[in-house]
Amino acid sequence: MARRTKEEAFETRESILDAAEQCFHKKGVSRTSLSDIAQAAGVTRGAIYWHFQDKADLLEALFQRIQLPLASLNQAARDASAPNPLERFRELLVTVLKRLESDPSSRRVNEILLLKCDYIDEPCTQKKHLQTMNRHHDDNLRTSLMLAIASGELPADLDIDMALFCAHSFIYGVLHQWLMQPQQLSLVERADDIAATLLDMLRSSPHLRSRSV
């Protein structure tokens, strides 16, 4: 058999991810088998194992794929040499929120991750992968907050750990609430207001100030 070209391998990988996205979204992660995904993609289970270790690996790849359009914004939000780090973080958050409503793939993957993952299987590799994603988000957000403090856009006495916890909870809460009840409001129309609310909390809440003397 002729060796597959890189282009063919990439196309196969993308077909598997497309199928996994549809199957996970339709049936949930725990109720979807690799055979289901292989059948939907028109490939063998062996082809899936060539590219991915398991369903958790597929989940992570789906998440990374929807992050690709945000790569430049993510990088800018962590660039210590660029001005106005808080504004760059705001721009990233607004873009994430708007894409959740306007991009079908982003919406499906977020629904899979936030609404359609079960954490009762043993070993619970799905949960471990999601915890890794959360830690990655926390690391990026911590960097953005520290840069904003250094630039004077956030108070010098900001309690980083408390602010990080509240900001992460705010963002994930907004994502989860909208996915549960998208008819409540349009993220495309109100993303700027939502981001401004979070920034107001970070700038002004006395409960986010450090208690150390």
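Looking for something at pLDDT 95 or above, out of contact with any Phe, Trp or Tyr (no Cβ under 6 Å at 6 or more places or on another chain) and of a type in the set (D, E, K, R) - is there at least one such residue anywhere in the range 171-191?
yes
Considering only helices (runs of 4 or more DSSP H) fully contained in the range 43-82, which possess at least 3 residues that are open to solvent by less than 80 Å² (accessible area, probe 1.4 Å) and without any contact (Cβ under 8 Å) to a residue 40 or more places away in the chain?
Numbers: elements: 45-51, 55-67, 71-77.
Result: 45-51, 71-77.
Just to be sure I understand, how many residues within the range 166-213 are outside any helix (DSSP H, G or I) and not hydroxyl-bearing (Ser, Thr, Tyr)? Let's see the steps before the verdict.
If we filter the range 166-213 for residues that are outside any helix (DSSP H, G or I), which is where we start, we get 181, 185-186, 205, 209-213.
Filter again for not hydroxyl-bearing (Ser, Thr, Tyr), leaving 181, 185, 209, 211, 213.
Matching residues across the range 166-213 total 5.
Checking Leu86 against (1) within 28 Å of Leu147 (Cα to Cα); (2) outside any helix (DSSP H, G or I); (3) open to solvent by less than 30 Å² (accessible area, probe 1.4 Å), which single condition isn't satisfied?
Of (1) within 28 Å of Leu147 (Cα to Cα); (2) outside any helix (DSSP H, G or I); (3) open to solvent by less than 30 Å² (accessible area, probe 1.4 Å), only one is false for Leu86: (2).
In the range 128-142, what residues are in contact with a helix residue (DSSP H, G or I) (Cβ under 9 Å, 6 or more places away or on another chain), open to solvent by 50 Å² or more (accessible area, probe 1.4 Å) and modelled with pLDDT of 85 or more?
The one that is in contact with a helix residue (DSSP H, G or I) (Cβ under 9 Å, 6 or more places away or on another chain), open to solvent by 50 Å² or more (accessible area, probe 1.4 Å) and modelled with pLDDT of 85 or more: Arg142.
The values are calculated or read from the model by the stated rules, or taken from the named source; none is laboratory data. In this text the structure is predicted, and so the values were computed from the model without any measurement. Note that each Cβ is placed from the backbone with ideal geometry, even for glycine, and that neighbours are counted across all protein chains shown. Ligands, DNA and RNA are excluded from the accessible area calculation, which covers all protein heavy atoms including side chains. Shrake-Rupley method; radii C 1.70, N 1.55, O 1.52, S 1.80 Å.
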